Number of protein chains: 2
Amino acid sequence: MARAHSTAGSDSGSNSSSNSCFSGYDLDLDRAVEMIRKSGAWRVGLQAPEGLKRAAPAIVGLIEGQTGCEVIISGDPCFGACDVDVLLCREVDLMLHLGHAELGEAPGNVIFLEARMKEDLWEVVSRAALLLKEKNVGVTTTVQHVHRLGQALAALREHGISGLLGPGGGRAKHPGQVLGCSYASARALHVQEYLFIGTGKFHPLGIALATRKRVVTADPVTGEVSEIDTDPMLRRRFGAICRAKDAKRFAILVSKKPGQKRIELAERLKELGRARGREMFLVYLDNIEPDRLLNLGAEAAVSTACPRVALDDAAKYKIPILTPTEFEVLLGVREWADYKFDEIE
Amino acid sequence: MARAHSTAGSDSGSNSSSNSCFSGYDLDLDRAVEMIRKSGAWRVGLQAPEGLKRAAPAIVGLIEGQTGCEVIISGDPCFGACDVDVLLCREVDLMLHLGHAELGEAPGNVIFLEARMKEDLWEVVSRAALLLKEKNVGVTTTVQHVHRLGQALAALREHGISGLLGPGGGRAKHPGQVLGCSYASARALHVQEYLFIGTGKFHPLGIALATRKRVVTADPVTGEVSEIDTDPMLRRRFGAICRAKDAKRFAILVSKKPGQKRIELAERLKELGRARGREMFLVYLDNIEPDRLLNLGAEAAVSTACPRVALDDAAKYKIPILTPTEFEVLLGVREWADYKFDEIE
């Protein structure tokens, strides 16, 4: 245990001496300053998720002070690397996107500065190990903790468990990384059980539904460890399909966000619905919020944007919001037994 | 009076026989259908203000049925011709923007389809005439009623009043038209009194503050006529400046909307504030809403977007939001006696 603790500092990306700490995250602002200086950029954009937004004015001061450039903060909400502020990108020479790993669908002037949480994984992973049943376990996490995965694997080894990381690539940049909309790194592993390290139930539910395997989750912030049960969510989703069954008028929501935009899928669903007698129309949106749908008179909606819109935010909406595959179940072109968690390729 | 009534139908744009009526508005959809056919567009965008959004799915049906193209509705809020959905414009061959007159700052593939209200102006203008004191009166309205201005002038003539229309051009397309952010057509007239025909108090307050002249307002929907008193608003604005006086940290809000974007003005205000010891930062936003500002930690804001953000929506915000000229008053570089209503050029 002592060894693992002492080696934690040598995990990739944890060279915090040259980093800056904001809101409990390490950000490699030195790299940003260097790139601004090298490029000669004079107007720079700064985009951050809500958890880092409070630090934005201080970061503006730091960058402007060290480079002499002008920084403009993106004031709209930011939910991921899928959600680069493309309109601000057009106004600036360089765009700093904080908190998320590169996704591969952003304008060329975006620099992704991942935010790394300081939380130690040793203790929470050691406790999660007691809930694991297999000897080979797929290990997954979100970008904030990827730099500590070496420590997590070491903690598992102490319990005789071999932790395996799926490959990075596609939407997830790092080995072992999952996104709310992509579990490819988990699906690539031939294991019977997964450990998810991170906050919230959405990602581990996604892993469980994408792989149909057992998932144990370990939250480094709260220290909580538990086994994931997909039944409540599946029941809720079945209920949403039933509620939408008799709807005549469906809005198909298409996101403006570059990494969430699935127009071709939306068009396919529109044809599918119309061929089965539903009234279908396409709606293009930036942030999908309940009041956006109020005046359109839809009785139900299908979201082709971030899967969280349908799966996580359902309670906020007065009408049922389905994922693409749920809409296929509703139309009878997919069996409920073939239910698939919505992922973006 | 009878003559004026009978000639109302010959006012420009009221040839409703070839138009379509939605939510109480005449829309020249025949022209849209013709332009879609001529251009061979296969994917068409449809953007409408909230008052017309309920009609959007029916308009989609009509256009798709008559042309065979695919229509995508813009689901984000739309506040004017300043607010063309530029991201949707990039996805479609043609963009139909409903309800507003052309502003001159939109992508080339946008077709503006003005919405014309059916309301008769004769009676309400006749009653407003009784409140007017001058023989020469500037007559102003919003785009929904411009096609009826001939009727309004005729009604004034019956009361011995000569109604004058300021020139169209700049942000306002039609003679006599005003926008929430532009009163150039009113300012161009050498009169001592104005009549505003339309809904709400914002436009007539703008005319009164932009011209410092007496304004009578006539609402064709409610039938209400009244004289505009600018004092309550000026007191509220003075109060907002006082509340912001001791703020150290100011956000300067810059709109993403093509017709509301004033980056150079924002940069000038930033320098002005910094030179006087305030902490200033620029924030780029689409829809300016209270929750967008919560996490940025600003103690006050200056909005360079639509003037309604500061002047009309102030009550929604926890921090004072000033217009650019109000910020100049706060900094002491402009006298309160030189207070200017915020207009966009």
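So how many residues does the stretch B:80-107 have that are charged (D, E, K, R) and within 13 Å of chain A (Cβ to nearest Cβ)?
The first filter runs over the stretch B:80-107 and keeps only residues charged (D, E, K, R), leaving B:83, B:85, B:90-91, B:93, B:102, B:105.
Right, trim to within 13 Å of chain A (Cβ to nearest Cβ) and you get B:83, B:85, B:90-91.
Within the stretch B:80-107, residues that are charged (D, E, K, R) and within 13 Å of chain A (Cβ to nearest Cβ) number 4.
Can you work out which of the residues in the stretch B:218-270 that are among the charged types (D, E, K, R), part of a loop (DSSP other than H, G, I, E, B) and within 14 Å of chain A (Cβ to nearest Cβ) is surrounded by the fewest Cβ atoms within 10 Å (Cβ to Cβ)? Selected residue: B:248.
Could you list, in sequence order, the residues of the stretch A:312-327 that are open to solvent by 20 Å² or more (accessible area, probe 1.4 Å), more than 13 Å from residue A:288 (Cβ to Cβ) and among the charged types (D, E, K, R)? Answer for the stretch A:312-327, where residues must be open to solvent by 20 Å² or more (accessible area, probe 1.4 Å), more than 13 Å from residue A:288 (Cβ to Cβ) and among the charged types (D, E, K, R): just A:318.
Residues in the stretch B:271-296 that are open to solvent by 60 Å² or more (accessible area, probe 1.4 Å), within 9 Å of chain A (Cβ to nearest Cβ) and under 18 Å from residue B:331 (Cα atoms): how many?
Step one: of the stretch B:271-296, the residues open to solvent by 60 Å² or more (accessible area, probe 1.4 Å) are B:271, B:274-277, B:279, B:291, B:294.
Next cut, within 9 Å of chain A (Cβ to nearest Cβ) only: B:279, B:291, B:294.
Cutting the leftovers down to under 18 Å from residue B:331 (Cα atoms) gives us B:279.
Result for the stretch B:271-296: 1.
Only one of these is of a type in the set (Asp, Glu) and within 24 Å of residue B:234 (Cα to Cα): B:134, B:193. Name it.
Details: B:134 fails: within 24 Å of residue B:234 (Cα to Cα).
Only one candidate passes the filter, namely B:193.
When the stretch A:17-29 is filtered for residues that are surrounded by 14 or more Cβ atoms within 10 Å (Cβ to Cβ) and either modelled with pLDDT of 95 or more or in a helix (DSSP H, G or I) (or both), only A:29 remains. Take residue A:186 and tell me if it is crowded, with 23+ Cβ neighbours inside 10 Å, of a type in the set (Gly, Ala, Ser) and in contact (Cβ under 8 Å) with a residue 40 or more places away in the chain. Against the criterion (crowded, with 23+ Cβ neighbours inside 10 Å, of a type in the set (Gly, Ala, Ser) and in contact (Cβ under 8 Å) with a residue 40 or more places away in the chain), residue A:186 qualifies. Residue A:342: open to solvent by 20 Å² or more (accessible area, probe 1.4 Å) and of a type outside the set (Lys, Arg), yes or no? Here the answer is no, as residue A:342 does not meet what is asked. Residues of the stretch A:297-312 that are within 13 Å of chain B (Cβ to nearest Cβ) and among the acidic types (Asp, Glu): A:299 alone.
Considering only the stretch B:279-313, how many residues are among the basic types (Lys, Arg) and free of Cβ contacts under 8 Å to residues at least 40 places away in the same chain?
Taking the stretch B:279-313 as the starting set, the residues that turn out to be among the basic types (Lys, Arg) are B:292, B:308.
Those left that are additionally free of Cβ contacts under 8 Å to residues at least 40 places away in the same chain: B:292.
Qualifying residue count, the stretch B:279-313: 1.
For the stretch A:314-345, a residue qualifies if it is touching a residue at least 24 places away in the same chain (Cβ under 8 Å), outside any helix (DSSP H, G or I) and among the charged types (D, E, K, R), and the qualifying residues are A:318, A:340, A:342, A:343, A:345.
Does residue B:213 fit the bill of being of a type in the set (Lys, Arg) and touching a helix residue (DSSP H, G or I) at 6+ places or on another chain (Cβ under 6 Å)?
On the way: of a type in the set (Lys, Arg): yes; touching a helix residue (DSSP H, G or I) at 6+ places or on another chain (Cβ under 6 Å): no.
In short, no.
If only residues of the stretch A:56-77 that are touching a residue at least 24 places away in the same chain (Cβ under 8 Å) and within 14 Å of residue B:294 (Cβ to Cβ) are counted, the one that is farthest from the other protein chains (Cβ to nearest Cβ) is A:77.
Per-residue answers, yes or no, for (1) within 17 Å of residue A:177 (Cβ to Cβ); (2) touching a strand residue (DSSP E or B) at 6+ places or on another chain (Cβ under 7 Å); (3) open to solvent by 10 Å² or more (accessible area, probe 1.4 Å):
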position	(1), (2), (3)
A:43	no, yes, yes
A:46	no, yes, no
A:51	no, no, yes
A:63	no, yes, no
A:103	yes, no, yes
A:109	no, yes, yes
A:115	yes, yes, no
A:126	no, no, yes
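If you go through the stretch B:40-52 and keep only what is outside any loop (DSSP other than H, G, I, E, B) and at pLDDT below 95, you end up with B:50, B:51, B:52.
When residues in the stretch B:297-307 are screened for being crowded, with 18+ Cβ neighbours inside 10 Å and over 24 Å from the mean Cα position of the chain (by Cα), 2 of them pass. Check the stretch B:113-129 and report whether any residue there is within 25 Å of the chain's Cα centre (by Cα), β-branched (Val, Ile, Thr), under 24 Å from residue B:254 (Cβ atoms) and at pLDDT 95 or above. Among the residues of the stretch B:113-129, not one is within 25 Å of the chain's Cα centre (by Cα), β-branched (Val, Ile, Thr), under 24 Å from residue B:254 (Cβ atoms) and at pLDDT 95 or above, which makes the answer no.
The values are calculated or read from the model by the stated rules, or taken from the named source; none is laboratory data. Since we're looking at a predicted model, the values are computed, not measured. With ideal geometry, Cβ positions are generated from the backbone for all residues, glycine too; neighbour counts draw on all protein chains shown. When the accessible area is computed, the model is the full protein with side chains, heavy atoms only, and any ligands, DNA or RNA have been set aside. Shrake-Rupley method; radii C 1.70, N 1.55, O 1.52, S 1.80 Å.
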